[in-house]
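In what follows, a single structure is set out as C-alpha cells and then discussed.
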Amino acid sequence: AGRRNWDAAKDLQRYRHHYPGLIESENEEEEEMWNLSFYKNEICFLPRGLHIETLLESWWDNYEVLEENHSYIQWLFPLREYGMNWRAKPLTCQEIQAFKKSEEVMQRFIRAYQLMLRFYGIILINEKTGELKRAENWAERFQNLNRFSHNNLRITRILKCLGEMGYEHYQVHLVKFFLRETLVKETLPNVKRSALDYFLFTIRSKRKRRELVHYAWQHFKPRGSFVWGPQDKLLKYRARSARSQLHKKAEDKQETPGKKCDDSVEKDQNRSLEEEQKAGEAADLQPKADDEAVKEKLSECVLKGGDGEEEKEVSLTQQEEKDLNSEAEEGQGTAENDCTKESKKRKLDANMADAKKSGPLKSPTDIENISRNLGECAI
C-alpha cells in the first residue's frame, strides 16, 4: 500500500509523451479510417455492435448493458494503442485531425462522454468548461463503481481519449472530481488507488498535473505516506494563483508614490523576488523583475523629486537667480563699468552652459527674469 505502481507510471508517461517510437501506417483513403467511419455513423462497432447513433439513443439509461458489454468502449473512446477488443482499431494521428475537423463527429464524441458520465453518476453541467457535478442517482451509480473495478480501466481510457481529442480541460475536471470523491468525500474507496496511479497522470499539462498532485497530497491520509510526489517539494509548493498574488503585491509596492528610487526600488524588487522564490519549485511560474515597471517607477521618482537631482537643479537655479538679483540691485542707479558688465556676462554664460548640460530649466520664464534683472548685460 505504501508503494507507487511504477508500471502505471511508465504507461502514463508514454501516453503523455505521445507514444515515442510508435510507428503507425497513415491511410490516404478516408474509408480506411475505421474509428472515423464509426463516428460518422457509417459502420457498426465490432463485434456484434450497433451504429453510434443507435447506441447513444438506446443505451442512454441502459446501465445493465453498459456494464456487461465490453466491446463498445474502445470504439467510443479510441486510443493510439491496442486494447482487449481485437476487432477495434487503434487511433491514428491522421484520424485525430479528421475528428477535430468534423463538427458532427465532435458533437457525437461529447454525447458519448455524457453517456458514460451518466453511467458513473456524474453530469456535465458546462460543455464549454467541462465542469461536473453528481447526478441525482449518484449513490446507486457510485455503488456500482465500487463494486466493478474494470470501470477504473474504462475511466483511464476515457481520460486518455479526451486528451487526444483536445479536451484537456475536461480531463482536469474529471480527475479533480474523482480525487474529491475518493480523498475528501470518501465515497469511492475502491477507486482511490486508480485515481492516484492512473487518472492523475493522464494530464499532459505539467502545471495542471502539479496542481492536482498537490491537491491530492493535501487530502491524503496519512499525508506522510503520500508517494505520488516528493514531500519536500509538496511542502514548498504554492499554486499559480497564490504566486500571482505575490507578484501583484510586489508590483503594487513599486507603483506606490514616494521618495524612493534607484537603490530603494531595486531593494523592493529584490525583496519581492525573494518572497516568490521561497514559494517553491513545484509551480512552473518563475517571477522575474519587470524592467518596464522599474523604468516607469524611476521616471515617477524623477518627476516627483524622489532622487533629489532635479530638486538640486531647481534650488541651484533659484539661488543663482537670487545672487544675480542682489547683484543687479546693488548696481542699480549707478553706471556699471565695462569690467563689471563683462564679469556678469561671463557668469551668465557659464550658468547658461551648465543649464544646457543638465537639461532645460524648470520654467521658460526664468531666463527672462534673469535678463530683466541684469538690465542690458544679458543681451
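The values are calculated or read from the model by the stated rules, or taken from the named source; none is laboratory data. The structure presented is a predicted model; accordingly, all values stated were derived computationally and were not measured. In this analysis, Cβ positions are derived from the backbone assuming ideal geometry, glycine residues included, and neighbour counts consider all displayed protein chains. Ligands, DNA and RNA are stripped out before the accessible areas are found, and what is left, the full protein with its side chains, is counted by its heavy atoms. Shrake-Rupley method; radii C 1.70, N 1.55, O 1.52, S 1.80 Å.
Structure summary
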item	result
Selected residue (only one of Glu24, Glu67, Glu42 is charged (D, E, K, R) and not in a loop (DSSP other than H, G, I, E, B))	Glu67
Single condition Asp197 does not satisfy, out of (1) charged (D, E, K, R); (2) open to solvent by 30 Å² or more (accessible area, probe 1.4 Å); (3) at pLDDT 95 or above	(2)
Residue tally, condition within 22 Å of Thr187 (Cα to Cα) and either assigned to a loop (DSSP other than H, G, I, E, B) or in contact (Cβ under 8 Å) with a residue 60 or more places away in the chain (or both), over segment 116-133	5
Which numbered condition Ile125 misses (of (1) within 20 Å of Phe220 (Cβ to Cβ); (2) open to solvent by 40 Å² or more (accessible area, probe 1.4 Å))	(1)
Within segment 217-232, tally of residues that are closer than 15 Å to Leu183 by Cα and open to solvent by less than 50 Å² (accessible area, probe 1.4 Å)	5
Filter pass, Tyr167 being under 29 Å from Thr92 (Cα atoms), of a type in the set (Phe, Trp, Tyr), open to solvent by 20 Å² or more (accessible area, probe 1.4 Å) and touching a residue at least 12 places away in the same chain (Cβ under 8 Å)	yes
For Ala195: the one exception among (1) farther than 30 Å from Cys93 by Cα; (2) in contact with a Leu (Cβ under 7 Å, 6 or more places away or on another chain); (3) part of a helix (DSSP H, G or I)	(1)
Cβ-Cβ under 8 Å pairs, at least 6 apart or on other chains, segment 48-74 side more than 20 Å from Asn35 (Cβ to Cβ), far side in a loop (DSSP other than H, G, I, E, B)	Ser58/Leu50; Val65/Trp59; Glu67/Phe148
Filter result for the condition that a residue is among the hydroxyl-bearing types (Ser, Thr, Tyr) and more than 39 Å from the chain's Cα centre (by Cα), over Thr92, Thr54	Thr54
Qualifying residue in segment 39-49 (condition: aromatic (Phe, Trp, Tyr), more than 33 Å from the chain's Cα centre (by Cα) and modelled with pLDDT of 95 or more)	yes
Leading residue by the ranking (nearest to Tyr167 (Cα to Cα)) among those in segment 53-69 that are touching a helix residue (DSSP H, G or I) at 6+ places or on another chain (Cβ under 9 Å) and open to solvent by 60 Å² or more (accessible area, probe 1.4 Å)	Trp60
Looking only at segment 70-115, and only at residues there that are open to solvent by 10 Å² or more (accessible area, probe 1.4 Å), assigned to a loop (DSSP other than H, G, I, E, B) and closer than 15 Å to Lys40 by Cβ, the one that is modelled with the highest pLDDT	Ser102
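Residue-wise test of (1) touching a strand residue (DSSP E or B) at 6+ places or on another chain (Cβ under 6 Å); (2) crowded, with 19+ Cβ neighbours inside 10 Å; (3) modelled with pLDDT under 95; (4) under 22 Å from Lys10 (Cβ atoms).
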{"position": "Leu179", "(1), (2), (3), (4)": "no, yes, no, yes"}
{"position": "Leu183", "(1), (2), (3), (4)": "no, yes, no, no"}
{"position": "Asn190", "(1), (2), (3), (4)": "no, no, no, no"}
{"position": "Arg204", "(1), (2), (3), (4)": "no, no, no, yes"}
{"position": "Leu212", "(1), (2), (3), (4)": "no, yes, no, yes"}
{"position": "Tyr215", "(1), (2), (3), (4)": "no, no, no, no"}
{"position": "Tyr237", "(1), (2), (3), (4)": "no, yes, yes, no"}
